[in-house]
1. Give me the pairs, please: first residue somewhere in region 147-174 and closer than 14 Å to S34 by Cα, second residue anywhere and among the acidic types (D, E) and at pLDDT 90 or above, beta-carbon distance under 7 Å, and either six or more positions apart or on two chains.
2. Looking only at region 200-235, which residues are of a type in the set (A, V, I, L, M) and under 18 Å from K39 (Cβ atoms)?
3. When both residues are 6+ apart or on different chains and their Cβ atoms are under 6 Å apart, which pairs have a first residue that lies in region 360-378 and is at pLDDT 90 or above and surrounded by fewer than 16 Cβ atoms within 10 Å (Cβ to Cβ), and a second that is outside any helix (DSSP H, G or I) and not polar (S, T, N, Q)?
4. Kindly state which helices (runs of 4 or more DSSP H) lie completely within region 418-522 and contain at least 2 residues that are at pLDDT 85 or above.
5. Evaluate region 168-181: report whether one residue or more is closer than 25 Å to V127 by Cβ, at pLDDT below 90, among the hydrophobic types (A, V, I, L, M, F, W, C) and within 33 Å of the chain's Cα centre (by Cα).
6. Kindly indicate whether any position in region 286-299 is assigned to a helix (DSSP H, G or I), among the acidic types (D, E) and either modelled with pLDDT of 90 or more or surrounded by 15 or more Cβ atoms within 10 Å (Cβ to Cβ) (or both).
7. Please find, within region 87-111, the residue that is surrounded by the fewest Cβ atoms within 10 Å (Cβ to Cβ) out of those that are touching a residue at least 12 places away in the same chain (Cβ under 8 Å) and in a helix (DSSP H, G or I).
8. Test E323 against the stated conditions and say whether it is in a helix (DSSP H, G or I) and surrounded by fewer than 17 Cβ atoms within 10 Å (Cβ to Cβ).
Amino acid sequence: MEELIPIIGKLQDVFATVGRGKDIELPQIVVVGSQSAGKSSVMEGIVGRDFLPRGSGIVTRRPLLLHLHNVGPEDPRRKWGDEWETEDFAVFDHEKEKHYTDFEEVRKEIERETDKLTGINKGISDVPIVLKVSSDKVVNLTLVDLPGITKVPVGDQPKDIELKIRAMIMKYIENPKSLILAVTTANQDITNSDALKMAKEVDEEGLRTLVVLTKLDLMDRGTDATKVLKGITIPVKLGIVGVVNRSQEDINKNKSVKDCVQDEEKFFRKKYPSIANVNGIAYLAKRLNLLLIEHIRACLPELKNRIRAKTREFEKKLAILGEQVTPQRKAIMKSQCISRFVDRYMEAIKGNRDVKSLCGGAKIRNILHEKFSKALDELEPLRSYTPDDLMTFIRNSTGVKQLLSVPEVCFEDNAQEQIEHFEGPSIECLEKVHEELAELVDAYRDVKHDVKRFPHLYGKIQEICKNVLQSRFQIASQSVKELIEMEKALVNGSHVKLKYILRDYSIGHRKNQAGGDNNISLLVAPKAVDPNVEPECVCLTGESCPWEPELSSKLAKDELKEMKKIHKDGKDADGLTESISTKEKRDYIATARLVRQYFDIVREIMKEQIPKCIMLKMLGNLKEDLHSSLTEKLNEDGNDNLLDESKHIEKQRQEAKEMLAALKEAIILTNEINDAEF
């Protein structure tokens, strides 16, 4: 069973070396107490040597991870090169090749190593010092000595020194696998013990807290600590052990620890004879040894599982980080990065499972169909014309000629002008698609690790992809404009939806010639164009149609509505209809209807053709285009440094390798426990 503690000690060394002790919570004993509680005396009493720095204020300024190994005279661990070490000896983890037999030198080395990180201003550091002490007079034990709890900064110490020390202590005692050795003095009320208060914060039931009561010899005359030591005052499940500290006089006289322990035994036999056998530094060491062994046995199954799980985690992390890129592998790696990026990029366009917002292909589809269609539906032909503007346009279209079929002449000219309104929404739609494709380049989707690993490469990939998209945008923009120019180039006046309006105009013209200028007859085509339905003739006279009393014209309400639709301010055409002839009124209405009807025809064509054009020009063969452009540009001269990894990735890989090596060593060590004799 004694084999357990050295093995756990080795595990602590392994993880302390790589600075990842927090990743694997190991069973250990953490010594906690106020500055003046006597922690150092307790530690030295257990070791049987003077080796810890002493003085006023904070003396322990870095965690001390102390491994005690019981090493007999014939133990192979005493062999050092070709010689055998006959005395007690100590070894620091930061200089493993050196043995210390002079423990005064051990004290000085602790001070030197502390000052390296903390300076001489009494600052603290959470980087541990690892010390192994081998002796035939110690029990196998692992202790963590921490800075004493303090309230007031001393000298150049930071004002928040209390909080920093508290945070360091909590980090160690929060580990559920830690046993807490709460050191408190007998000459103060135990209920006010800082060490006990902190222990209760993380171990409320007291299942892993052992109390050490120091300075029993300094209690006021006539007082007694029996009730405290027996757990009557404050029950402690793991017990309360009393000790007698070395006094300053003992230290000044260089009284040995061994002599102090003998005096302690005499003190307990005299003052507390009934409980002398369960108090004192010797009993404390044995008690801690047994507690630690039992604690390790209880934690062992979970510890093994934790180490294996962490091993798998870091193997996976190393696989993601990949091997360091050698010159021989650069070409292959570059090709893999290109393919991986292009594949992920195209997958994002085709679709993804983001539930927060539309993106990628879904957003592009929304732009091309819903938003673009809505934008076209909001376009209103002739909105920029006033009634006077349109009438002037009609007159200018006929010139000096007196034409019978004016609408056909001015319709084509006006329709061409109105078709130009489609260019704005179409180009805007293209721009939005282009923006979304560019945003996908920036997002990188599932290749974020590659981006962090090769920032130069992905900066170049971003640049090249955006250049490809910009080139496609220019081509697509030209194609969109050509589609609109095509519609302008040939206005299809023979379209089936227009023939009824023209026929109505012709019939109405003949009827009006027969009835004179006081009657205006127009044929109103049904809303649905059906060849089997005859147009309805509406005679616009006061006898057969309702009048608008406030208007002097003889136009029906429908015609007034038509006129109101063709100019931007929505007012009626009173002023205009007073000064035009009946034929001009008819020309006015027919032209407006023709333009509006044809505008609707072209609108539907644009809704279908523009998205197709954008899809073809922006997304057609995009994958092949990106792949070939990236391959060509990235292999040009001057791009040799693109696969230089970021320093952050190099550091991550090195740390992961070290941790994985530590974990594999830990697996070997824990496997040894299976063979240990308990």
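1. From region 147-174, the pairs are I149/D194.
2. Result: L210, V211, V212, L213, L216, L218.
3. Pairs found: N366/L358.
4. Of the helices (runs of 4 or more DSSP H) lying wholly inside region 418-522, those with at least 2 residues that are at pLDDT 85 or above span 423-443, 455-489.
5. Scanning region 168-181, I find no residue that is closer than 25 Å to V127 by Cβ, at pLDDT below 90, among the hydrophobic types (A, V, I, L, M, F, W, C) and within 33 Å of the chain's Cα centre (by Cα), so the answer is no.
6. No, region 286-299 contains no residue that is assigned to a helix (DSSP H, G or I), among the acidic types (D, E) and either modelled with pLDDT of 90 or more or surrounded by 15 or more Cβ atoms within 10 Å (Cβ to Cβ) (or both).
7. Among them, the one singled out is E104.
8. It is false that E323 is in a helix (DSSP H, G or I) and surrounded by fewer than 17 Cβ atoms within 10 Å (Cβ to Cβ).
The values are calculated or read from the model by the stated rules, or taken from the named source; none is laboratory data. Note that the structure is a prediction, hence the values are computed from the model and not measured. Positions of Cβ are generated from backbone atoms using ideal geometry, with glycine treated the same way; all protein chains shown enter the neighbour counts.
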